[in-house]
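The block underneath contains the structure these notes are about, expressed in structure tokens.
Read-outs throughout are calculated quantities, based only on the coordinates presented, and are distinct from any laboratory measurement. Computed from a predicted structure; not experimentally measured. In this analysis, Cβ positions are derived from the backbone assuming ideal geometry, glycine residues included, and neighbour counts consider all displayed protein chains.
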Amino acid sequence: MSDPVRRKAQASKPAVAASAQIEDRPPFLGFGLGLRPQHYQDILDGNPDVDWFEVLSENYMVPGGRPLAMLDRIVEGYPCVMHGVSLSIASTAPIDEDYLDSLNTLAKRVHPKWISDHLCWTGVHGVNLHDLLPIPYTREALDHIVSRVHYVQERLGRRLCLENVSTYVQFDQSEMPEWEFISELTHRTGCWLLFDVNNVFVSAFNHGYDALDFLNGIPADRVIQFHLAGHSDMGNYVVDTHDHAVRGEVWDLYKAALRRFGPVSTMIERDDNIPPLADMLDELQQARALAAEVLEPKKIAAALAGSATIA
Ligand SMILES: [Fe+2]
């Protein structure tokens, strides 16, 4: 993981400019859920009170079948965004061109409001470790990732949105805190940010820093999505398990994030012990209620109507 980053810049003339204008900013979508197969039929039968869905890209990169058929019906009724786990933007392995082709193909079908993945690497030398692995926050790694983000944005013809991951180790080689690295990355590439509130809590707890330092170090105008999720408390460390409800400490951090970032499209991730849709809707209602408590409801309504400057 600490090997020198060797890959050269892949795009000298990025088609997507580094400076993002406020008018480029994707819309505020409100309060959404991760689309899970367990809920397909309830969604189609019940018209649930969900403003939008986040679609796991890799689950639909197939030529046909039931998931794709369900997705086609759901995107007719709800705004969607695409969220991937395999871009491996920080790896030293070449960018997987077939993967980008598949992303583009799926995007033509879903018409996502944005496409996100994680600021991490998932493998090298042809091996996919199926995990979101941490990176050293060095100048060298930053230059490497900046060049790859430019390239991916050119291939996708849009700005990428990158998510902070939860981490369990840190690198002696790091030259700056994670939030400074992310700030520099978005400044140099114009990429948007997906601020995973639970991941910030998990990493801050595990590494012993203040989650508010992270939150306050992220540029307020770059965050277009929040993730909320449950983690497991192991005593002297916590693990990002996504297998139960959002914990109180994370709701508190969400309130602080709303105060700093304003109305930002919010969704709840649940990947294990997935409860009935009704339970997820109850949890989503908690997010709505907290947002109404922290922000003026008028501001949320205006943002939903697309008439507010969100920052
Ligand atoms: Fe997340």
Qualifying residues in segment 146-170 (those that are farther than 16 Å from Asp98 by Cα and among the β-branched types (Val, Ile, Thr)) - the one surrounded by the fewest Cβ atoms within 10 Å (Cβ to Cβ): Val169
Test set (1) free of Cβ contacts under 8 Å to residues at least 60 places away in the same chain; (2) more than 16 Å from the ligand (Cβ to nearest atom) - Ala291 fails condition number: (1)
Entirely in segment 160-278, the helices (runs of 4 or more DSSP H) that have 2 or more residues that are within 12 Å of the ligand (Cβ to nearest atom) and touching a residue at least 40 places away in the same chain (Cβ under 8 Å): 197-207
Where Ile135 falls short, out of the listed (1) in a loop (DSSP other than H, G, I, E, B); (2) free of Cβ contacts under 8 Å to residues at least 40 places away in the same chain: (2)
Cβ-Cβ under 9 Å pairs, at least 6 apart or on other chains, segment 109-121 side closer than 23 Å to Leu133 by Cβ and in a loop (DSSP other than H, G, I, E, B), far side charged (D, E, K, R) and within 14 Å of the ligand (Cβ to nearest atom): Leu119/Glu163; Cys120/Asp131; Cys120/Glu163
